[in-house]
Amino acid sequence: MGGIFFEIKPKYFMIFSMLEINPKGKPESKKGKKTLRREPQRTQLNTNPHPPASKYLFLQIWVLTSVLILTACQRPLFPTYNKKICTPPSSPIFEGLTEGQEDYKSYQVGDSWNRKSMEDPGEFPYQVFQLFRTGMGQVGTGFYLGKFADKHIVMTAGHVYDDLNSCHNEVNFLVRYKSLRFYVTCDDWHYKFAENDAMIFSITTENPEHLNLLKPVEFNTEHQTGEALNLISVDNDYDYNFDWKVDDQKDCRLLSTEEKVLEDPDCNVSGALLQSWSLPVGCDGKHGDSGAPVYDKNLRLKGLLWTGKFPKLSQSSNQLLSDLNAQSPTLWKEYNYIVPMSALEKEIDKDLSSKFHLSMDSRNILSALTEKIKADNTKE
């Protein structure tokens, strides 16, 4: 599970700078007394191993202790994960390809690349988006969760927007709903999971009524080994041209129901190794699909894609079935991996019941979200 590191904010150091230490031997200039010569100030560090005592020392210790306690009691909106540095493979995924080509063999699970365009995207009930960051192009995939506590909420992988402090004018993407096309922007961050590679944020647009047309997802946190899945992503939405992609072939299935904390097997992007609760899947995924939703056969949300082993070994569909039936350790080394909604629900419940700092908006959104997850799982 990803640990959280806490940092003392720069503003706290202002407190210490105000607590000036009054060392012994400070020069005095009183009549009848010899005036001590003041040593010229030096710019180098004081290397005296025995600094002068201070009557303010206990106050400094008290302030430092208080700051550490207050900081530890707050759950940072953007937690810092335990990260390890991994070495990317010596042979790049795209070696020898011309610009614009994609080496699907490096991403492929099973006998063939099973991603295909949706025959009628207008019939697909939910909204999936290519996510963009200003000045950087596409950074991942996201999807509409629904309206919770009067906020329209989008979910994506946590590493998609790992380094942003503010989302205004930084996060933007295009929404397609039937004949409507409209851009939305990020309104506010609300929650970044500490134990899972996922996050949620609210969105806004020039005409808020457009967002009310979007359909909320239904959830399924119950798992069955080998159950059929659907991974939905979007390609090429420049100039309003959507090319919805779906993987609903025989290889796209849940390969295990045992949730494990997995270290990111993909080093090709940042070289930083994240950790997240995960389940292995046989669905085809590639870079840019981080945050793509994965549904069951009834289009109930099971989780979101967060990583995979890239490039993959040459594997057949028969090998996948063999690994599945034997519950081989290879399932946790050579496939693609989702953050399951069941793990997200557990983390939300834990944080809502704890004293972690959450804004009122975030607490209300998370409470409404977990209520819907629980309600959807009671449906037949």
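Quick look at the numbers
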read-out: The stretch 314-332 residues that are within 19 Å of residue 113 (Cα to Cα), paired with ones that are crowded, with 17+ Cβ neighbours inside 10 Å and of a type in the set (Asp, Glu) (beta carbon under 8 Å, 6 or more apart); value: 315/334; 317/251; 320/251; 331/323
read-out: Of all residues in the stretch 181-199 being acidic (Asp, Glu) and part of a loop (DSSP other than H, G, I, E, B), the one that is nearest to residue 151 (Cα to Cα); value: 197
read-out: Filter result for the condition that a residue is in contact with a Phe, Trp or Tyr (Cβ under 8 Å, 6 or more places away or on another chain) and surrounded by 14 or more Cβ atoms within 10 Å (Cβ to Cβ), over 229, 213; value: 229
read-out: Verdict on residue 107 being within 24 Å of residue 254 (Cα to Cα), buried (at least 16 other Cβ atoms within 10 Å of the Cβ) and at pLDDT below 90; value: yes
read-out: Complete set of residues in the stretch 115-138 that are touching a residue at least 24 places away in the same chain (Cβ under 8 Å) and over 13 Å from residue 292 (Cβ atoms); value: 116, 117, 118, 121, 122, 124, 125, 132, 133, 134
read-out: Residue satisfying all of: in the stretch 166-180; touching a strand residue (DSSP E or B) at 6+ places or on another chain (Cβ under 7 Å) and part of a strand (DSSP E or B); surrounded by the fewest Cβ atoms within 10 Å (Cβ to Cβ) among these; value: 172
read-out: Leading residue by the ranking (modelled with the highest pLDDT) among those in the stretch 116-139 that are closer than 27 Å to residue 170 by Cβ and of a type in the set (S, T, N, Q); value: 127
read-out: Residue list for the stretch 319-359, restricted to those being out of contact with any strand residue (DSSP E or B) (no Cβ under 6 Å at 6 or more places or on another chain) and part of a loop (DSSP other than H, G, I, E, B); value: 327, 328, 333, 334, 353, 354, 355, 356, 357, 358, 359
read-out: Filter pass, residue 375 being under 23 Å from the mean Cα position of the chain (by Cα) and part of a helix (DSSP H, G or I); value: no
read-out: The stretch 173-186 residues that are farther than 16 Å from residue 143 by Cα, paired with ones that are hydroxyl-bearing (Ser, Thr, Tyr) and surrounded by 15 or more Cβ atoms within 10 Å (Cβ to Cβ) (beta carbon under 9 Å, 6 or more apart); value: none
read-out: Qualifying residue in the stretch 154-165 (condition: free of Cβ contacts under 8 Å to residues at least 40 places away in the same chain, over 30 Å from residue 361 (Cβ atoms) and either assigned to a helix (DSSP H, G or I) or of a type in the set (D, E, K, R) (or both)); value: no
read-out: Among residues of the stretch 299-318, those that are outside any loop (DSSP other than H, G, I, E, B) and not polar (S, T, N, Q), counted; value: 7
read-out: Test: residue in the stretch 247-255 that is assigned to a loop (DSSP other than H, G, I, E, B), at pLDDT below 95 and farther than 23 Å from residue 122 by Cβ; value: yes
read-out: Subset of the stretch 134-156 (residues that are of a type in the set (A, V, I, L, M, F, W, C) and surrounded by fewer than 17 Cβ atoms within 10 Å (Cβ to Cβ)); value: 136
read-out: Hits in the stretch 147-206 (condition: in contact with a Phe, Trp or Tyr (Cβ under 8 Å, 6 or more places away or on another chain), closer than 20 Å to residue 371 by Cα and of a type in the set (D, E, K, R)); value: 192
read-out: Test for residue 93: is it over 30 Å from residue 331 (Cα atoms) and either at pLDDT 85 or above or assigned to a loop (DSSP other than H, G, I, E, B) (or both); value: no
read-out: Number of the exception - residue 187 against (1) at pLDDT 90 or above; (2) surrounded by 20 or more Cβ atoms within 10 Å (Cβ to Cβ); value: (2)
read-out: Restricting the stretch 352-373 to residues that are under 23 Å from residue 305 (Cα atoms) and touching a helix residue (DSSP H, G or I) at 6+ places or on another chain (Cβ under 8 Å), the residue that is surrounded by the fewest Cβ atoms within 10 Å (Cβ to Cβ); value: 370
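The rows are residues; the columns are (1) of a type in the set (A, V, I, L, M); (2) at pLDDT 90 or above; (3) out of contact with any Lys or Arg (no Cβ under 9 Å at 6 or more places or on another chain).
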{"site": "209", "(1), (2), (3)": "no, yes, yes"}
{"site": "221", "(1), (2), (3)": "no, yes, no"}
{"site": "260", "(1), (2), (3)": "no, yes, yes"}
{"site": "271", "(1), (2), (3)": "no, no, yes"}
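The values are calculated or read from the model by the stated rules, or taken from the named source; none is laboratory data. A quick note: this is a predicted structure, and the numbers were derived from the prediction, not measured. Positions of Cβ are backbone-derived with ideal geometry, glycine not excepted, and every protein chain shown enters the neighbour counts.
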